[in-house]
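Here's the structure, in structure tokens; my notes come after.
The values are calculated or read from the model by the stated rules, or taken from the named source; none is laboratory data. Just so you know, these numbers come straight off a predicted model, no measurement behind them. Heads up: the accessible areas ignore ligands, DNA and RNA and are worked out on the full protein's heavy atoms, side chains in. Shrake-Rupley method; radii C 1.70, N 1.55, O 1.52, S 1.80 Å.
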Amino acid sequence: MNPIVLVIIIFLISIVYVTLSTVRMILMMKGYRYLAAGLSIIEVIINILGLGLVLENISEIQNLISYAVGFGAGVIVGSMIEDKISLGYVTATVVSPENSDHLSKQLREKGYGVTDWETNGHEGPRRSLQILTPKKRELKLYQTIKELEPQAFVVANDSKTIHGGFWIRTVRGRTMSHR
């Protein structure tokens, strides 16, 4: 086989392998274990093919470098795919420097489910908010909060289990406004 073609094939196999590995991990974390298991079969076959080509031609350093560079590129491609598929939900905890329900009301008007309560911070009374949003709308939520309350403190986490409340009626029913 032509050495340049072999380098390209090894590079592409490595990208595909790592990309599939990333997608499999996302699926596992989001609870799609059977789909992840099926994907892992394809992932292993592709990895063995790529490693086989590298090991079969181990004296050719460019093959090893191609596999390694493809691995790194696969991490980038996998993270880009993760951003695109954006499975699941995010829970954002927001601490507003003002102890008023102004931010809560504005976010509710935009279709977000908001639970808020009075809290105390280092400099006195504050308002804490808990907001659940689809991962696909996560960046829009942060942008909205920044526009409405630039001094707000925001911490977000992935949410694995959701049951009942506002979310059953709106998010899963797709009635959230996109204002």
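Details
- Rg over Rh [alpha-carbon atoms, Kirkwood Rh] for the chain: 1.18
- Ranked order, Arg24, Arg108 - accessible area, probe 1.4 Å, largest first: Arg108, Arg24
- Extension reserve of the Gln130-Val154 stretch, reckoned as 0.36 nm per residue once the Cα distance is removed: 7.7 nm
- Tilt relative to the chain, helix 33-56 - C-alpha long axis, 0 to 90 degrees, to 10: 30
- Counting only alpha carbon atoms, the long axis of helix 138-148 and the longest principal axis of the chain meet at about 40°.
- Net length gained if the chain between Asn99 and Val69 were fully extended (0.36 nm per residue, minus Cα distance): 5.6 nm
- Pairs spanning more than 25 Å between alpha-carbon atoms, out of Lys84/Lys105; Lys105/Lys146; Lys105/Lys140; Lys30/Lys105: Lys84/Lys105; Lys30/Lys105.
- Chain lengthening between Ile58 and Ser79 when straightened (0.36 nm per residue, less Cα-Cα): 4.6 nm
- The aspartates and glutamates whose alpha-carbon is closer than 16 Å to the alpha-carbon of Lys135, local same-chain residues fewer than 8 away aside, are Glu82, Asp83, Asp158.
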